[in-house]
Every structure is written in C-alpha cells, then in structure tokens.
Amino acid sequence: MRLRAKVDNNHAEIVRALRAAGRRVLDLSRVGSGCPDILVGWGGRQVLMEIKCDKGKLTPQQEAFRASWPCPVVVVRSVGEALAATGVSDAVPAARPDGG
C-alpha cells in the first residue's frame, strides 16, 4: 500500500466544494490499484469520482478499475463538473462517464 498518493492539484478544491454543497466525501486517493479518488454520497445516492486536471488521462490501472467495477466512475476536471455529477443544478453540465 502506498504511503503517499499523488493527487491532482484540483483535488482539495473539489472536495471542499462538494462538502460545502452538503455532500459527504470519503477520500480514497491513498487506496491505489486504480481505485477512484473519492466516494461522494448525498440523499441516498453515491458516486465514485476520479479527479483529473484539464489534460490528465486515466492510467491503465484506473481504466481497468472502471471496466471491472459494477457502478459508474465519473471523471471530473473541475468543481463545476463535480457538483453537476451530484445534482447541484447551478453547476456546469455533468462530467462524461467516458472521461472526455
């Protein structure tokens, strides 16, 4: 298990914004093995999110995790995308599940 995980520069900002919007956030960034960065819960729902910077790409391990996991993993690149993925209506359109 990794002791120190590399996180994207926008990670903390996105987590703060989600929490400020009333979302529960579990940081999974230290898990490794392609596991998404965060688990977000609200109103009986939850979503796994992989946080990437503007041009960041999924690693082969992250792609494999997404392919094998039984629920969608959303790739988000901004606060607006993360909020929209959790139903915050004044945010930008939701991030695409394909990571693009």
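Of the strands (runs of 3 or more DSSP E) lying entirely inside region 11-71, those containing at least 2 residues that are in contact (Cβ under 8 Å) with a residue 24 or more places away in the chain are 38-42, 45-51.
In the set (1) at pLDDT below 95; (2) exposed (fewer than 12 other Cβ atoms within 10 Å of the Cβ), Pro60 fails one condition alone, (1).
The values are calculated or read from the model by the stated rules, or taken from the named source; none is laboratory data. All of these numbers come straight from a predicted model, not from anything done at the bench. So basically every Cβ, Gly included, is an ideal-geometry build from the backbone, and we count neighbours across all protein chains shown.
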